[in-house]
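Taken together, the values in this text are just the output of simple stated rules run on the coordinates, not laboratory data. Note that the structure is a prediction, hence the values are computed from the model and not measured. Counting neighbours? That spans all protein chains shown, and the Cβs are built from the backbone with ideal geometry, glycine included.
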Ligand code: NAI
């Protein structure tokens, strides 16, 4: 039928695919005829230990159903090359990269050690960077690539006890947004998903009746769509859970414009702060260099608050 998602023969790397969300992605891709690299180092939620079992079990499951998959046990941080090598040796290239591997080292900021902070950044952000960097030349050369970054509501909104995790997750959003711009002319699309799903990551922090509604099966369809040849968005962020699929975007308030002279004071900000935070005439910026829209927005503000000198000097600076 019209609009069918075609994934047959796409080579897909899924990091951390030995359990939880990654496992479900692997099964879903394989059921559509994709060739899957099931990467997982098989460690604990906190990132310690290794085992080949996690990846092997998923690969067996796929093969039993007649699908195509190969296991890889490398650490995304210390041996990302091994993961890409597995894909190229088994299937010739990489078309889709799902950066999904993750660990948690939660602690209130007061108690968070530098090691806890950097370890979490390493797996989520640096691991995704390293794999993307290795796949990028293949994507450019074949003029096709799909990248999914796994961000989190904790990254988008913040969450108590997760400064390391939120920082890493928000870093992945920036990575996707910029890769989308740099990859556009090579048909490389990069998007970020913020899922909520039942896995060992959430099992101990959410009640069973809620978890029941949050099966990983309810997240996978979006990941498959974003990986498909016909996917028409890039640089986007989606929240996905319990069968709900929703885009998240940036919103800039109408804003407050102060005159360049005597009114450009912190007191003026104080007295007009409600204007700074008033989203009635909001804009939805999608790029850095649309300063023109920022200046247009400034021009639209009431004459009283408008400082023309300020506008032209800002423009001079940006240009
Ligand atoms: P999970 O713990 O079941 O899956 C993560 C997998 O990554 C594990 O199998 C683990 O062995 C593997 N892994 C960890 N470090 C690795 C490394 N250095 N190299 C290779 N593999 C490694 O948890 P879940 O929930 O399936 O998480 C998947 C992704 O989704 C993570 O990035 C997580 O942060 C993210 N996420 C999950 C949410 C949820 O509600 N479950 C919420 C928001 C984000």
Taking only the alpha carbons of the range 17-92, the radius of gyration and the largest Cα-Cα distance, Dmax, both in angstrom, are 11.8, 33
What is the order of 139, 245, fewest Cβ neighbours within 10 Å to most? 245, 139
Over the chain, what is the mean sequence separation of C-alpha contacts under 8 Å (at least six apart), divided by residue count, expressed as relative contact order in percent? 14
Between 59, 276, 219, which gets the highest mean-square fluctuation from a Gaussian network model of the chain, Cα cutoff 10 Å? 276
Can you give me the relative contact order of the range 18-145 as a percent, contacts being Cα pairs under 8 Å and 6 or more apart? 23
If you fit an axis through the alpha-carbon atoms of helix 291-300 and take the longest principal axis of the Cα set of the chain, what angle between them do you get, 0 to 90°, nearest 10? 40
Please arrange 14, 147 by counting, for each residue, the other beta carbons lying within 10 Å of its beta carbon, fewest first. 147, 14
Computed, not fitted: 222 nm per-residue ellipticity of the chain from DSSP H runs ≥ 4 (each -39500 (n - 2.57)), nearest 500, equal to -12000 deg cm²/dmol
When all Cα-Cα pair distances of the range 131-210 are considered, the percent exceeding 23 Å is 35
Given that compact globular proteins tend to follow 2.2 N^0.38 Å, what is the ratio of the alpha-carbon Rg of the range 21-143 to that value? 1.12
For helix 127-142, what angle does its Cα long axis make with the longest principal axis of the chain, in degrees from 0 to 90 and rounded to 10? 80
Hey, can you rank 16-25, 91-100, 165-174, 233-242 by average C-beta count inside 10 Å, highest first? 16-25, 91-100, 165-174, 233-242
Can you sort 249, 146 so the residue with the fewest Cβ neighbours within 10 Å comes first? 249, 146
With angles folded into 0 to 90 degrees, how steeply does helix 20-31 sit against the dominant principal axis of the chain? Use alpha carbons for both and round to 10. 70
Cα-based Rg (one decimal) and Dmax (whole number) for the chain, in Å? 22.4, 75
I'd like the distance separating the alpha-carbon centroids of the range 1-40 and the range 111-147, in whole Å. 19
Quick check: convex hull of the Cα atoms in the range 74-157, volume per residue, rounded to a whole Å³? 94
